[in-house]
Amino acid sequence: MSLWPHELVKRRELIWILIQRNLKIRYKSSVLGVFWSLLGPLFLILIYSVFLGLIRVPIHLPTLVSGIIVWQFLAMCLGDSLQSILGNANLVTKASFPRVILPVSMVGANVVNFAFSFVVLLGYLLWAGTSFGVLWWLPAVVVSQIALCLGLTLIIGSVNVFFRDTEHVLSVVMLAWFFMSPVIYEPEMVMGSFPEWVHWLFFVNPMSGVLTGYRMALLGSDPVPPEMIGVSLAVCWLLLGIGLWVFRVSEPRFGDEL
């Protein structure tokens, strides 16, 4: 099955069923179920508010919270990607089953979770009296992050079928990527301390542009040159293309490895 939009539209009911299944698995035996998607970011905001207030660290709380919530969307997608293929052997081994739907539905379930978290984030920003910025950035940034998550899910899910050490490698990569991305700091810390060529290299990291784009839209942060954010968003879509290629090349061998 190809991943063209019209093909996914044809399978939309199956995709929605799998999204619901993934959500039920995540919150299985949980009393509050999907409401944890709302409570999680609320507790996150409360914990950071109390902690930063106690240690008196001069960090802009909305900047920190927005960065972590956006990062968690990526982290949850990549964590789930390890089992997107490997954990569905009963479906993958069926020749007629459109396997690409598995990573698509996995990302879709995390989009639902992120939507709940994003609503909480917006409510918090309104309560904090934050002035919104260039909101027209937001749709492009959100869609590009979803493209990034899907591309990496396709890659990691495929690679993990053949190399079971992927989980351990991913944990190290994610830790390094977290600190290389402006999650708990702003790009100005890099752009004010290094030459211009480093600025461009910094925005080759797709999450640099994604995080900066969210903050420019939601917090009215100091604008970064649009062409630098454009580089990051272009990398998001490039990784989606690479993910599609990796999945297509790997898919015929899934059945032999499971």
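When the stretch 188-213 is examined, which residues are found to be of a type outside the set (A, V, I, L, M), at pLDDT 85 or above and out of contact with any Gly (no Cβ under 8 Å at 6 or more places or on another chain)?
Residues satisfying the conditions are HIS199, TRP200, PHE202, ASN205, PRO206, SER208, THR212, GLY213.
For the stretch 90-120, how many residues are out of contact with any Leu (no Cβ under 9 Å at 6 or more places or on another chain) and among the hydrophobic types (A, V, I, L, M, F, W, C)?
Count: 5.
All but one of (1) in contact with an Asp or Glu (Cβ under 7 Å, 6 or more places away or on another chain); (2) in a helix (DSSP H, G or I); (3) not β-branched (Val, Ile, Thr) hold for ASP222; which doesn't?
Only one criterion is unmet by ASP222, namely (2).
Quick check on the stretch 126-169: of everything there that is of a type in the set (A, V, I, L, M) and farther than 20 Å from GLY241 by Cα, which residue is surrounded by the most Cβ atoms within 10 Å (Cβ to Cβ)?
Only one residue fits best here, namely LEU138.
List the residue pairs whose Cβ atoms are under 9 Å apart, where the first residue sits in the stretch 214-234 and is farther than 11 Å from THR63 by Cβ and at pLDDT 85 or above, the second is part of a loop (DSSP other than H, G, I, E, B) and of a type in the set (Gly, Ala, Ser), and the two are 6 or more positions apart or on different chains.
That search, which allows pairs on different chains as well, returns MET216/GLY133; ALA217/GLY133.
Would you mind stating whether ILE155 is touching a residue at least 12 places away in the same chain (Cβ under 8 Å) and over 25 Å from ALA115 (Cα atoms)?
no
Considering only the stretch 140-158, I want to know if a residue exists there that is more than 25 Å from PHE202 (Cα to Cα) and at pLDDT below 90.
Checked the stretch 140-158: no residue is more than 25 Å from PHE202 (Cα to Cα) and at pLDDT below 90.
At pLDDT 85 or above, surrounded by fewer than 20 Cβ atoms within 10 Å (Cβ to Cβ), out of contact with any helix residue (DSSP H, G or I) (no Cβ under 9 Å at 6 or more places or on another chain) and under 28 Å from SER250 (Cβ atoms): does that describe GLU13?
yes
Can you name every residue in the stretch 193-216 that is basic (Lys, Arg) and surrounded by fewer than 24 Cβ atoms within 10 Å (Cβ to Cβ)?
Scanning the stretch 193-216 gives no hits.
Just checking, does the stretch 75-97 include any residue being in a loop (DSSP other than H, G, I, E, B), of a type in the set (D, E, K, R) and in contact with an Asp or Glu (Cβ under 8 Å, 6 or more places away or on another chain)?
no
The values are calculated or read from the model by the stated rules, or taken from the named source; none is laboratory data. Given the structure is predicted, the values throughout are model-derived calculations rather than measurements. For neighbour counting, all protein chains shown are included, and Cβ atoms are generated from backbone atoms with ideal geometry for every residue, glycine included.
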